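Chemist: First, the structure itself, so that you have it in front of you.
The values are calculated or read from the model by the stated rules, or taken from the named source; none is laboratory data. Fair warning: this is a prediction, and the values are worked out from it, not measured in the lab. Cβ placement follows ideal geometry from the backbone for every residue including glycine, while neighbour counts extend to all protein chains displayed. Side chains are part of the model used for accessible areas, which takes the heavy atoms of the whole protein and leaves out ligands, DNA and RNA. Shrake-Rupley method; radii C 1.70, N 1.55, O 1.52, S 1.80 Å.
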Amino acid sequence: MSDLELIDRLCSVTSTPSDVVRRQAAFIREQLAVDDAVRQEFDRAAEEAERELDIIEYHLRPIHNTERGGNLK
């Protein structure tokens, strides 16, 4: 497996927990009477993680779109 394939797989597996956290936060919001401070803390943490994932993905695109990397999916 090439370095670029490993990077692509790492990005994919990193996105999965983020999706799970978003779904869990929505479930908690629907099921529990969570106070505003707790809700804001969850929202802030999720937004920070999403922002960081977006930045990493953006910076990996030039590597992913090279002739060596091709379309790894």
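Chemist: Would you work out what percent of the accessible area of the stretch 1-57, with all protein chains in place, is carbon or sulfur (probe 1.4 Å)?
Modeler: Result for the stretch 1-57: 56 percent of the exposed heavy-atom area is carbon or sulfur.
Chemist: Please compute the net charge surrounding Glu41, taking Lys and Arg as +1 and Asp and Glu as -1 over other residues with Cβ under 12 Å from its Cβ.
Modeler: Value of the local net charge: -3.
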